[in-house]
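This report refers to the structure that appears directly beneath it.
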Amino acid sequence: MPVITRKFSLVQRLWLLLLLLMTLSIGGALIANLLNARSYLEQQLSAQSADTANSLALMVTQYKADPVMAQTLLSAAFEQGHFAEVSWEEAPAGNAIHLRNDSGAEDTPAWFHRLLPLKPQAGQAQVSNGWLQAGRIVVVAHLGYAYSSLWLGALQTVFWLVAIGLAAGLLGFFDIHRLRKQLHAVVEQAHAISEQRFMRIPIPGIPELAEVVRAMNNMVERLQNYLAGLRDEVDRLRREVLTDSNTGLPNREAFEQRFASLLDPAADPASGHLLLIRVAGLAELNQRLGGQRTDALLKRVANDLSSRCQSHRGWMATRLRGADFALFCPELGAEQACKLAEELCLLWPVYWTMDLSDQAGLGHIGITSFQSGNQLGEVLTRASRSLTLAESQPLNSWKLDDGSSNLPQTSDFDWKQLLEAACQDHSLQLRWYPVCDPDKTVLWHEGMLFRPPTGDTPAMSALRLVSQAARLDLIHRLDINTLALALQQGPNGILAVNMSPASLQHPEFLPAILQLLQQHPQRQINFEFHETGLDEHWEDFVAFSHAIRPAGHQLAVEIQGHNMTLVARTHEASISYLVLDNTLTQGIHADEGRSALLRGLQRMAALMGVKLEAKGISNSDDATALIEMGVHCLTGPAIS
């Protein structure tokens, strides 16, 4: 049979060493104390016996060895109870006296007598009658009192030694506990580094551990600096390829890619409104304000437009050309588009009070609708027509395209009722798409939420459902329902579902997710969160990761390439892969700029230990280029 050897941890070894030292210390101190006490008692008993024997012999001698007086004197000494034997041996004329006490007052265990035997010397003294020897007095001390004293001393010694040992053990416990926490922190840091989570920890007070932690912190710092350098390089490439250099907004190319991707006739149906904003008299403003103030004004306009997009998935603010900006708002109704335009027009006079402009008026807004199948040129033409009508009015005015009012509108109450009913009557469904590796082996299936047409209600895409649910604060219920559908109806194997960052803030979201996962322990789920709004719920996102990963589930983030700082932080949540939006990959085989951007993303992902998934691939040339760049998995019409 193989011999199983137990390997003790460092903390266990320290505990064993502490217990061994305490046991040896207490045992050694107890043995030394008892031996010293026994020696002292033997000396005292021997001295007592000798003194008593001498005293009795002297008194008997004074009475000329009279037997009667000798009997009286020896009996008086014996009756004190301190002696086991008092005798007058070799007395003349057969007058020997022998007094013995075999009972004593011993109240100690017999094993204690055997463990620490007392052997004091008997006291002896000669008795004389004149010049003649009259025998000798022999006194043997009684051991009962001595054993009682020795037993009580042993108990007291044990009590105090145990008390001191416990106090020392308590101090050792706290010290070892502190050491264990520091060791645990070092182990956690090592695990984090192995998972590409670059975590630094405080330097501990223990010199040996301090050297280890200092070396690991230095390594983490170098990795973080390298990752920051990659992030800056990729961000620079992003600005060059997808961003307007003056305002930091996505450029027209990025806008065209987003528009084409969302309104592709082959994709899920989508609609919304486009706001076309034009800064009036930009050339004159530049002459009056100067280039620096004009640039500051345009950047402020861009920031205000961009801030409107941060909490809305799919929205994009872009600079089309010099004075023209666009706000692309999928799933925004006509009424909400008008409110948004009015809000912007009321905001612009504030620029004058901030000394960004020399007048309260800034420009005009034209609003038009769009829906699946529209061409970008057609939508921009309608938006320009609305903008021309708005420009015939005073500054800070807006105009809605007349055609927008013909689109079907649904009230908030209708949406709320529809979403709540959909979560209860199981009218929502998931459409499954295979995610494959470069060899077209299916790795998992990704579920896309939709609601099929029912009666007078048309089919609804995931973007429409998510947008309306987020507006009505029902997004967490929609995501919980999505996971329940996947667990109950999904195909065999690993499944991927899309979640909204806004759901993370609801207290019932994570418990409901964990409960569903516990009800289906055989399932493995990949949770994919969109980057829009993830910054606002980052701590909840990390907590979600810590809650689901121990059970074998994975986490991913879908990115559009506009927030490299967030991408560089994803290693903190131990995500498994990044999902590349198809606006990053569409037509990439013929786009050197976006190819360089993607190669930079791939280097960042490799450093963080995460994979890359490209979604929505509709062109085989794009798929080939992405595989050559190192993308690990793909999905889309060209893959399946």
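Among the residues of region 215-250, how many are surrounded by fewer than 12 Cβ atoms within 10 Å (Cβ to Cβ), within 24 Å of the chain's Cα centre (by Cα) and of a type outside the set (A, V, I, L, M)? Of the residues in region 215-250, 3 are surrounded by fewer than 12 Cβ atoms within 10 Å (Cβ to Cβ), within 24 Å of the chain's Cα centre (by Cα) and of a type outside the set (A, V, I, L, M). Look at (1) in a helix (DSSP H, G or I); (2) modelled with pLDDT of 90 or more and you find that Q257 fails only one, number (2). The residues on offer are Y226, Y147, and the sole one that is in contact (Cβ under 8 Å) with a residue 60 or more places away in the chain, of a type outside the set (A, V, I, L, M, F, W, C) and assigned to a helix (DSSP H, G or I) is Y226. For beta carbons closer than 7 Å, sequence separation of 6+ or different chains, a first residue in region 566-580 that is within 16 Å of R200 (Cα to Cα) and touching a residue at least 12 places away in the same chain (Cβ under 8 Å) and a second that is of a type in the set (F, W, Y) and open to solvent by 10 Å² or more (accessible area, probe 1.4 Å), the qualifying pairs are H571/F198. For the residues P491, P511, P501, the requirement of being of a type outside the set (D, E) and over 25 Å from K416 (Cα atoms) singles out P491.
All of L487, L516 fail the test of being open to solvent by 20 Å² or more (accessible area, probe 1.4 Å) and in contact with a Leu (Cβ under 8 Å, 6 or more places away or on another chain), apart from L516. Here's a check for you: in region 201-211, which residue that is exposed (fewer than 15 other Cβ atoms within 10 Å of the Cβ) and modelled with pLDDT of 80 or more is nearest to the chain's Cα centre (by Cα)? Within region 201-211, the match that is nearest to the chain's Cα centre (by Cα) is P202.
Being of a type outside the set (D, E) and out of contact with any helix residue (DSSP H, G or I) (no Cβ under 8 Å at 6 or more places or on another chain) is the filter here, so list the residues in region 168-184 that pass it. I'd like the intermediate steps shown before the answer.
Within region 168-184, the subset of a type outside the set (D, E) is 168-174, 176-184.
Of everything in region 168-184, those that are of a type outside the set (D, E) and out of contact with any helix residue (DSSP H, G or I) (no Cβ under 8 Å at 6 or more places or on another chain) turn out to be L170, L171, F173, F174, H177, R178, K181, H184.
When L495, L419, L504 are checked against the criterion of being closer than 24 Å to A270 by Cβ and open to solvent by less than 70 Å² (accessible area, probe 1.4 Å), L419 stands alone in meeting it.
Residue check: G616 meets all listed conditions (1) open to solvent by 30 Å² or more (accessible area, probe 1.4 Å); (2) of a type outside the set (F, W, Y); (3) more than 22 Å from K440 (Cα to Cα); (4) not in a helix (DSSP H, G or I) but one, namely (3). When Y40, Y63 are checked against the criterion of being open to solvent by 40 Å² or more (accessible area, probe 1.4 Å), aromatic (F, W, Y) and at pLDDT 85 or above, a single residue qualifies: Y40.
S75 satisfies every condition listed in (1) open to solvent by 30 Å² or more (accessible area, probe 1.4 Å); (2) modelled with pLDDT of 80 or more except (1).
The values are calculated or read from the model by the stated rules, or taken from the named source; none is laboratory data. Worth saying up front: this structure is predicted, and the values here are computed from it rather than measured. In this analysis, Cβ positions are derived from the backbone assuming ideal geometry, glycine residues included, and neighbour counts consider all displayed protein chains. Calculation scope for accessible area: heavy atoms of the full protein, side chains included, ligands and nucleic acids excluded. Shrake-Rupley method; radii C 1.70, N 1.55, O 1.52, S 1.80 Å.
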